[in-house]
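Here the structure comes first, spelled out in structure tokens, and everything after it is commentary.
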Amino acid sequence: MKIGSIVIHCHDFDRTVAFWQAALHYVPREPAKDGWVVLRDPEDKGPNLSISRIGAPRPPSALEARASLLPAPAGARERLAGGNIRRASVEN
């Protein structure tokens, strides 16, 4: 089994798309249209990230990633520092 796409519903569409493009180096599969875009991994190694605009803000969601399991691309910490994320320390 393989995850094909992760969907994020957001109120601030442009900011959310820009954040995830910078964070993951993903590219739009097609140009954004009507508050909807599918970002894809240009190397086809990760799942798609579908982003959808919603009308009213919702409570924040959490997405946990174990960065220690993934190689960190150059400049990753700097790119993410401007976003609405926080670093957590996790003991295995």
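The values are calculated or read from the model by the stated rules, or taken from the named source; none is laboratory data. As the structure is a computational prediction, the values presented were derived from the model and not from experiment. Note: ideal-geometry Cβ built from the backbone for every residue, glycine included; neighbour counts use all protein chains shown.
Could you go through segment 44-51 and let me know if any residue there is surrounded by 13 or more Cβ atoms within 10 Å (Cβ to Cβ) and among the β-branched types (Val, Ile, Thr).
yes
So in segment 2-35, with the set limited to residues that are of a type in the set (Ser, Thr, Tyr) and surrounded by 15 or more Cβ atoms within 10 Å (Cβ to Cβ), which one is modelled with the highest pLDDT?
Filtering segment 2-35 for residues of a type in the set (Ser, Thr, Tyr) gives 5, 16, 26.
Now drop any that are not surrounded by 15 or more Cβ atoms within 10 Å (Cβ to Cβ), which leaves 16, 26.
Numbers: 16: 93, 26: 97.
By that ranking, first place goes to 26.
What are the pairs, 6+ residues apart or on separate chains, where a residue within segment 26-40 that is under 18 Å from residue 11 (Cβ atoms) has its Cβ under 9 Å from a residue that is loosely packed, with under 10 Cβ neighbours inside 10 Å?
Pairs that qualify, where the first residue is under 18 Å from residue 11 (Cβ atoms) and the partner is loosely packed, with under 10 Cβ neighbours inside 10 Å, are 37/30; 37/31.
Condition test on residue 38, is it in a strand (DSSP E or B), modelled with pLDDT of 95 or more and surrounded by 11 or more Cβ atoms within 10 Å (Cβ to Cβ)? Steps first, answer last, please.
Values: in a strand (DSSP E or B): yes; modelled with pLDDT of 95 or more: yes; surrounded by 11 or more Cβ atoms within 10 Å (Cβ to Cβ): yes.
In short, yes.
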